[in-house]
């Protein structure tokens, strides 16, 4: 077994050439199912009843972030072979060369363009159409390590800079603004649009949940988090609260827009929860990349886990 370590990446050690699954990114699909990336080389689909199927990818793909596209397909960033892939709900896959060499996350802008982040080797933001026409829109000062990206309420793209300790904003025209996250080493990673039209993000090393307005005003929340926590993925729930994964504390958390935090323990020990999304059933779905499971938590805190079989 050959192990490839992605330098300083806290959430992921990519196991190349092994059979076990390592789910990472996750998103609700247009077909009423939940779709996820599996860094061992596949795209997965899980129904709300827990039935899982996987679609194998060619080559050394290493798929990470995944998002719904404007065409009804699911689009994903493949860091291993520098491609952007799309999969229809019927399982048909197509791939295009990525505008950044090592894409890590992907989102869809209001105009249907796909935007991607390039990790610590690229320090870049790129964009492409669903037909594969792409370009690098901005290069960031190293080491910035842009990670997750989301479309904001102002039509701009907002992203985290894990190593740069910043939140970035970039317009469709390429105008870049960066805001320094308060705190010495916060390491923001997950980011989402909140129900209050602010951007909410998870500070992995800062052990906190952050909020930034479109004008760059920050608030940080830590009370209620488990000691030695490491928030990673974050999304807006159906209850107008923010839900997040706590990778090292092995929990799923909930924070209101007023800053009240509660966390629930995941039954499987050391599962390393990564990404999280709201499902079509009103529950939150998350990936457990170390335990090869997909988790589901209700807004009442009940957790169910589904094992990805080989």
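Derivation of every value follows stated rules applied to the coordinates shown; laboratory data play no part. Computed from a predicted model, the values in this text were never measured in an experiment. Don't worry about glycine lacking a Cβ; one is built from the backbone with ideal geometry, like all the others, and counts go over all protein chains shown.
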Practice item. Specify whether the C-alpha gyration tensor of the range 57-120 places it in the rounded, prolate or oblate class, a ≥ b ≥ c being the square roots of the eigenvalues: rounded for a/c under 1.5, otherwise prolate if a/b is larger than b/c and oblate if not. Key: oblate
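Please tell me the relative contact order of the range 115-225 in percent, rounded to the nearest whole number, where contacts are Cα pairs under 8 Å and at least six residues apart. Each step should come with its number before you reach the end.
On the way: 260 pairs, mean separation 17.6, N = 111.
Over the range 115-225, the number comes to 16 percent.
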Practice item. Rounded, prolate or oblate: pick one for the chain, where a ≥ b ≥ c are the square roots of the eigenvalues of its C-alpha gyration tensor, a/c under 1.5 means rounded, and failing that, prolate if a/b is larger than b/c, else oblate. Key: rounded
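I need to check one value: relative contact order of the chain, counting alpha carbon pairs closer than 8 Å and at least 6 residues apart, in percent.
11 percent
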Check your understanding: At what distance in angstrom do the alpha carbon centres of the range 274-293 and the range 227-245 lie from each other?
Key -> 11 Å
Practice item. Before anything else, pin down the relative contact order of the range 63-104: Cα pairs under 8 Å, at least 6 apart, normalised by residue count, whole percent. Key: 35 percent
Review point. By its C-alpha gyration tensor, with a ≥ b ≥ c as the square roots of the eigenvalues, how is the range 229-308 shaped: rounded for a/c under 1.5, else prolate for a/b larger than b/c, else oblate?
Key: oblate
Practice item. Could you rank the peptides 181-193, 208-220, 257-269 by their average count of other C-beta atoms within 10 Å per residue, with the highest value first? Key: 181-193, 208-220, 257-269
